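What follows is a set of notes on a single structure, which appears directly below.
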Amino acid sequence: MADTFYELCNVTEIASAEALTIPRARALFNAIERHRDYSIVQLLQQTKDGAPTIECLIVDVECDGVPSKNQFGIAYRERLALCVPSDPKRLIDVLALRRDFPELMHLNQGLPGAPASLCLYFESPAAVLRTWTPPAFLRRIQWWLERSARGELHPADQPVEQMFFASQYELILPWNYAKLREDLSARFVVFKGPERPNGGFTCYMEAVSGAVADAKTAAHIDLLLPPVTHGFIEHNPGTLGELSDILGKRSVDLIGLLRDMIQTKVDEKGAIESPDDKATVIVVLIPIRRSAEADPDGIMRRAFFVPSGIVEVGIATGALFKYDGRYFRDSTNSEPTTAWRDLPVLLMDVLTKNDGASARRQSAVLEEGPTGVLVGAGSLGSALLNLWGRSGFGRWSVIDDDHIKPHNLSRHVAFAQHIGQAKATVVAELHDATMEGATRIAPITADASDFSQQPVAQVLNVASLVVDASTTLEYPRAASANDALPRHCSTFVTPDGNGAVLLMEDVKRSQRLRTLEAQYYREIIQCKRLPTTPVSHRSDLLRCAPVFNGAQRWSAIRSFGRATWRHGRAVA
Amino acid sequence: MQSLENRENAVANMHQVIFYPVGNGDTTQIVLSKGRRVLLDFCHRGKSEDDDTPEIDLKKRLREDLDAADRDYFDVVAFTHADLDHIQGSTEFFELQHAKKYQGDGRIKIRELWVPAAMLLEDVDRDSQTEEFALLRREARHRLLEGKDILVFSKPKALADWLEPLLVARGEAKSARDHLFIDAGTIVPGFSLLADGVEFFCHSPFIKHCDEGDIIRNSAALVFNVRLDADGELYDYLEVGDAEYCDLEEIVSITKFHKNDDRLAWDLFNIPHHCSYRALNDEKGERETTPTPLVKELLLLGKADAYIVSCSKPVPDNKAAYEEVQPPHIQARKAYERYLKEVGGRKFLVTMEEPNATKPEPIVFEVGKAGVTWTRSASIGAPGILVSRPPRAGHGRYVL
């Protein structure tokens, strides 16, 4: 019986509860004594420089909710070590001491051959400790065991477990990485960004052509692994050897794949060690599925930064050998070296820049939005395009014949460097700077009322919606008279800056903007609730509306924009 | 989602066995996974309707259960014997077919009534006859004569003597009700492992209990091995009326003689007689009762992870308890706990102790494929214990 449980190391036994010094440990001991399902087996202590750092309560716990023949292998009676750290800000570690305790999800990263640690909480330690009490803690442990025994600990709609934990180091991929990858001649470089105060850094992967100058770059290897079924979270590997072991447990031969990749990169002429080639990034694509029979649910991308060049790695893994100052494929090496095991690796988070679809997902925008034309890239128009563009809503062309003046900057999204440039172009450039080509806004510098002009006529022809943010009367009235135009809506902010107005035509355009404009005036005159300041003919007055609360503006415009599209659909 | 389906299936194939805290009395409900419900005994004490008393307001609780399931009937109500603490309040709660005044008005219907033969025969003098028992006897006799909605366990001669002339008078054959009599050692018709996930094996009563003349209520009581099938896995629940040790000994030896030993094993054991020492031996013992050999055999037939339930008042371990004359007896509890531990069983539970003695709640067991579990009624801890949703970016989808 003795060797069915793990023994903790670096601890000494305490004779009785009086010797417990950490307050939480004492409180926990008292709670355990009062709890009918728990019994104390042993008390242990770890000290450093005479002061206790951890006090462990070894307990046996019985859980009546654990089915006796559960397929997950949890027993009715389990032996646990409750390790109370002296630091009150840290959570108490719960270790399962039974040697054949099953491997489950919701176990914290553990080292092989050591007791597994139960991951009891979903929230951060700070959030948990705010309401933590010993009896609730004891019940939580039972809850964990009972739920795990029924396989209910992982709600079905929770995302599939990540295979590794989050890291301080990031690799940013371009939004069209998958597409770029298809071109076999494409060359990627990885630039390393500056270190942050906490020591992390971000790398950027870019597709390049031709030589790249001085920036520190890394070679890059891409590996697609066979699907893994989500299981418990692995610990962060510190060396290539550990990474290979982790993947090996999932039936993946990392080193074999690495060797093959390196060998395909090196042709008969061999390779030379280049001063640029000082780092290797291994990108690992892991399809993850919920169970062995299911299809993969998602793809995990992980990257590992090896601060050694591809040549160095090639030699260490036995993929290359050195001859006459050059490095050649070594396909005869039947005796694989193990030098590679000690190469250090840094785990990196892999993030992808937004494309339209991911922008929409992040913004809870379900529809792609219209092919639209925005008339007017002034303060309001630029704000609309900023929000719609960033959230992936719609495919826009924008028409404005004006340019940026200094006073615009109090509300327009443009920057000082844009003074003097056409507003439409500025707005399109700013969008490009955000999306890097994933989506585009087409600028047209022209008078939108002139429907016969070519670029104007063209975009109006294909659009399904025209949003007039010109804050003039000329455009909406002109558009009302033209039967060939698509559906219109007109928006503006009220002169006192406290409201936004939307005039929306129906799909058939049976009531046009000029009619709605008249209805709006009638509303103002008749309805006491609306601002009584009459709308001025003078568009410049409208444009110089008083400055108002930025938050109001954003929320007004944002919901305004959404309402434009959705409201239109409801009416239709 | 695959695991969601598994969970739904798992819940769907779960049977429940519920023990109600009715003081020193019995009421157990079996809720089968497909919905059929069997109630064993009924004990509603008038004072339980008062919030101050620990006994549960049984009528209210059962009504709530049935309402939630949109039912106004039990498939079976079985009275193991006619002691008051097994029938009390039943004639006000249930619909009785034999007279209109016991019908309607929200009364719960009994689709099939199971009674031991003794209940139809007992001739108690007017003083000791309780109103409850008299009504139930009348009901049982009525149903038997009408030939429907009843099963009678064992057919002693005295009962046959009473029944046959009445049948002849109705113009029916003497054997016309034979199909409604169930003998010990057989499986009760109407339920099957395949169709319902349960079968009831009758251990008792034996004919000789009644034919010997004076009917000793407890000996002639119903004893079942209730076998539950959860997705192919079988679990045994031993339901004993108020039997004494000698009755248990007889059951054990007869069952072994007929090579039905498996019918003595148990995952759940509703121990007889409210934890009385008399179910183990005729001597209480000072600290612990020693069971007679055959009873000990029965106790050792408990399977690993089994539970024992004592439908009784609390059984504390203090000086006064050892001197108690009426059951429950702490000495008996000690004996049960010893043997439970020996077979690797889980816990000895007392209906009036869980979760506490002030306001006990029903003890609910769930019998599923992976085993018998006791689901605690109190959800301990704040909502923080519930699974919290992880933060999401966007409309309920995670960002890769």
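No value in this document is a laboratory result; all are computed from the given coordinates. Computed from a predicted structure; not experimentally measured. A quick note on method: Cβ atoms are made from the backbone with ideal geometry, for glycine too, and the neighbour counts reach across all protein chains shown.
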(message) If amide hydrogens are placed 1.01 Å from N in the peptide plane, which non-local residues have theirs closer than 5 Å to the one on B:Ala78?
(response) B:Leu39, B:Leu40, B:Asp41, B:Trp114
(request) Taking each pair of different alpha-carbon atoms in chain B once, compute 1/r for the pair, average those values, and report the inverse of that mean as the Kirkwood hydrodynamic radius in Å to one decimal. (result) 22.3
(message) What lysines does B:Lys369 reach when the alpha-carbon gap must be under 30 Å and sequence neighbours fewer than 8 apart in one chain are set aside?
(response) A:Lys69, B:Lys34, B:Lys256, B:Lys259, B:Lys296, B:Lys303, B:Lys341, B:Lys347
(request) Would you pull out the residues with amide H under 5 Å of A:Ala116's amide H, same chain only if 5 or more places away, H placed 1.01 Å from N? (result) A:Ala96
(request) Would you please classify the overall shape of the stretch B:162-293 from the alpha carbon gyration tensor, given that a ≥ b ≥ c denote the square roots of the eigenvalues, rounded means a/c under 1.5, and beyond that prolate means a/b larger than b/c while oblate covers the rest? (result) oblate
(request) Could you calculate the FRET efficiency of A:Asn30 with A:Ser185 from 1/(1 + (r/R0)^6), where r is the beta carbon distance between them and R0 is 56 Å, rounded to 0.05? (result) 0.20
(message) Between A:Thr371 and A:Phe415, what is the label-point separation in nm under the 7 Å Cα-to-beta-carbon projection?
(response) 3.3
(message) What percent of all Cα-Cα pairs in the stretch A:1-70 falls into each 5 Å bin, going from 0 up to the bin containing the maximum distance?
(response) 3, 14, 23, 21, 17, 12, 6, 3, 1, 0
(request) Using only Cα atoms, find the angle between the long axis of helix B:131-146 and the longest principal axis of chain B, and express it within 0 to 90 degrees, rounded to the nearest 10. (result) 80
(request) Would you mind computing, in nm to one decimal, how far apart the modelled labels at B:Ala195 and A:Asp401 are, each placed 7 Å from Cα along Cα→Cβ? (result) 8.8
(request) Distance between Cα centroids, the stretch A:7-74 to the stretch A:483-504: provide it in whole Å. (result) 68
(request) Starting at the first residue of the stretch B:21-28, write each ³J(HN,Hα) from the Karplus equation 6.51 cos²θ - 1.76 cosθ + 1.60 with θ = phi - 60°, in whole Hz, x for Gly and Pro. (result) x, 10, x, 7, x, 10, 8, 10
(message) Under 10 Å, Cα contacts only: if you run a Gaussian network model on chain B, which one of B:Lys60, B:Lys284, B:Lys369 comes out with the highest mean-square fluctuation?
(response) B:Lys60
(request) Provide the FRET efficiency to the nearest 0.05 for the B:His142-A:Glu293 pair, computing r from the beta carbons and using R0 = 41 Å. (result) 0.10
(message) Between A:Tyr204 and A:Thr21, what's the calculated FRET efficiency when r is the beta-carbon distance and R0 is 45 Å? Round to 0.05.
(response) 0.35
(request) Just check the stretch A:373-463 against the gyration tensor rule for me: Cα atoms, a ≥ b ≥ c as the square roots of the eigenvalues, rounded for a/c under 1.5, and otherwise prolate or oblate depending on whether a/b exceeds b/c. (result) oblate
(request) Any chance you could list P(r) for the stretch A:1-128, counting all Cα-Cα pairs in 10 angstrom bins from zero, rounded to whole %? (result) 12, 41, 38, 9, 0
(message) Using helices alone, I'd like the mean residue ellipticity at 222 nm for chain B: each DSSP H run of four-plus residues gives -39500 (n - 2.57), total over residue count, nearest 500.
(response) -7500 deg cm²/dmol
(message) If I fit a long axis through the Cα atoms of helix B:245-257 and take the longest principal axis of the Cα atoms of chain B, what angle between them do I get, 0 to 90°, rounded to 10?
(response) 90
(request) Give the distance, in whole Å, between the Cα centre of the stretch A:306-374 and the Cα centre of the stretch B:78-124. (result) 78
(request) For the stretch B:48-105, compute Rh as the Kirkwood radius over C-alpha pairs and then the Stokes-Einstein diffusion coefficient at 20 °C and 1.002 mPa s; write the answer in µm²/s, rounded to an integer. (result) 163
(request) Summarise the partner chain shielding of A:65-76 as one whole number: the mean count of Cβ atoms from other chains within 10 Å of each residue's Cβ. (result) 5
(request) Provide the gained length on full extension for the span A:Thr131 to A:Ala364, in nm with one decimal, where the gain is 0.36 nm per separating residue minus the Cα-Cα distance. (result) 80.7 nm
(request) Calculate the dipole size of the stretch A:2-150 relative to its Cα centre from +1 charges on Lys and Arg beta carbons and -1 charges on Asp and Glu beta carbons; express the result in debye to the nearest 20. (result) 460
(request) Could you name the lysines whose alpha carbon sits less than 20 Å from that of B:Lys319, not counting residues in the same chain fewer than 8 places away? (result) B:Lys284, B:Lys334
(request) Please say if the stretch A:411-520 is rounded, prolate or oblate, where rounded means a/c under 1.5 for a ≥ b ≥ c the square roots of the C-alpha gyration tensor eigenvalues, and otherwise the choice is prolate for a/b larger than b/c and oblate otherwise? (result) oblate
(request) Determine which residues of the stretch B:127-166 fall in the zone a paramagnetic label at B:Lys174 would reach in this model, i.e. backbone nitrogen under 12 Å from the point 7 Å along Cα→Cβ. (result) B:160-166
(message) Using only the alpha-carbon atoms, how far is helix B:58-68 inclined from the longest principal axis of chain B? Give it as 0 to 90 degrees, nearest 10.
(response) 60
(message) Can you work out the Karplus-derived ³J(HN,Hα) for every residue in the stretch A:345-351? Use 6.51 cos²θ - 1.76 cosθ + 1.60 with θ = phi - 60°, whole Hz, and x for glycine or proline.
(response) 10, 10, 6, 10, 7, 10, 10
(request) Once you've got the GNM for chain B with C-alpha springs shorter than 10 Å, pick whichever of B:Asp149, B:Asp178, B:Asp305 has the biggest mean-square fluctuation. (result) B:Asp178
